[in-house]
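Right, one structure below, let's go through it.
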Amino acid sequence: MKKTTDSPIGEEFAALCDRVWDVLVPARASYLAHVSPHYDEVLHDVAQRTKHSGSLGKTDIAALVVWKRLSAQTRWVTALMSLPDTHVRAVTERAVTAVRDTTLTRSEAARTGRGIIAELPGFRTGDALASAILTAATPQRMAVYDRRVQHALDTLRLPLTPAPGRYGRYLQLLDDLLHHCGAHADGWTARDIDTALYWTGGNPLQPTPV
């Protein structure tokens with residue numbers, strides 16, 4: 001399997017994966033036990049609308065800003081709201097098409113979709129909201145990235161640098177983990193891993209691999 005330039009390779013990576021899954025599996029269980037099953041309703045609603053429309057408009061993006069608990073009092077929000085919704089949808093439609101393209105690997109689709117989203121105000125840097133948009137486009141394929149996920153990756157010694165193309169490398173890293181999950185996480189999706197990482201990143205008392 002193709003590896004990212006950030007990822008360890010070979011037997012060393014496989015051994016690391018075993019220790020990582022020993023953290024992710026209970027973290028995912030804890031996430032499900034402590035987070036309301038209704039919390040993701042906003043994401044699911046946006047995903048359903050995107051499934052039928054093939055794009056996201058300003059209202060959908062605003063809903064995801066609230067879901068991610070991001071600040072709306074920033075210049076990029078004003079710039080985005082000043083654009084016609086038709087323009088926003090034209091850009092997001094191309095991104096949705098890209099991440100749904102199964103002729104591309106998951107990481108290639110993520111990289112392409114992320115590059116398209118960067119055309120909109122506020123999406124040139126940072127991957128939190130952009131990843132939420134791409135995940136809403138195809139929840140079974142993409143995953144959310146944010147600061148808590150990055151903290152978990154650092155804690156678990158899974159390198160992911162902030163260099164350009166980070167979101168594509170992040171999805172490749174998740175693919176690598178799924179490829180080496182063994183019996184740990186049969187049936188997991190990339191989204192399942194991101195929730196486990198999110199929980200790990202916000203709970204420093206979680207056990208960490210040595």
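The values are calculated or read from the model by the stated rules, or taken from the named source; none is laboratory data. Computed from a predicted model, the values in this text were never measured in an experiment. Glycine gets a Cβ as well: all are built from the backbone with ideal geometry, and neighbour counts include every protein chain shown. Surface accessibility is based on the protein's heavy atoms, side chains included, excluding ligands, DNA and RNA. Shrake-Rupley method; radii C 1.70, N 1.55, O 1.52, S 1.80 Å.
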Fully extended contour minus Cα-Cα distance, from residue 85 to residue 154, at 0.36 nm per residue: 21.1 nm
Amide H contacts under 5 Å for residue 83, placed H, 5+ residues apart: none
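Do any trypsin sites (Lys or Arg not before Pro) in region 75-171 lie in a DSSP loop with no more than 14 other beta carbon atoms within 10 Å, and if so, which?
Hits after loop and neighbour filter: 124, 157.
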Length-normalised contact order for region 83-167 - Cα pairs under 8 Å, 6+ apart - percent: 25 percent
Rough spin-label spacing in nm, given labels placed 7 Å along Cα→Cβ, for residue 105 and residue 161: 1.8 nm
Simple spin-label estimate for residue 62 and residue 189 in nanometres, 7 Å along Cα-Cβ: 2.7 nm
Accessible area expressed per residue, region 74-185, with surrounding protein chains retained (probe 1.4 Å, Å²): 44 Å²
Surface share of carbon and sulfur [accessible, 1.4 angstrom probe, percent] for the chain: 56 percent
Calculated over region 90-157: convex hull of Cα atoms, volume per residue (Å³): 85 Å³
17 Å tail of the calculated P(r), region 1-109, as % of Cα pairs: 71 percent
Inter-centroid distance (Cα atoms) of region 117-147 relative to region 26-44, Å: 19 Å
Dipole of the chain, positive end: most advanced residue of 137, 33, 178 [Cβ charges, Cα centre]: 137
C-alpha long axis of helix 106-117 to longest principal axis of the chain, angle in °: 30 degrees
With Cα atoms, 0 to 90° folded angle of helix 190-202 axis to the chain main axis: 80 degrees
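Mind listing which chymotrypsin sites (Phe, Trp or Tyr not before Pro) in region 1-107 are in a DSSP loop and have 16 or fewer other Cβ atoms within 10 Å?
Answer in residue order: 39.
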Region 64-69 - phi-based ³J(HN,Hα) in whole Hz, Karplus 6.51/-1.76/1.60, Gly and Pro as x: 6, 4, 5, 4, 7, 6
Distance between modelled label sites at residue 75 and residue 30, nm, 7 Å Cα→Cβ extension: 4.0 nm
Correct choice for Rg and Dmax of the Cα atoms in Å that was computed from the model, options (i) 16.8, 52; (ii) 16.8, 48; (iii) 18.1, 57: (i)
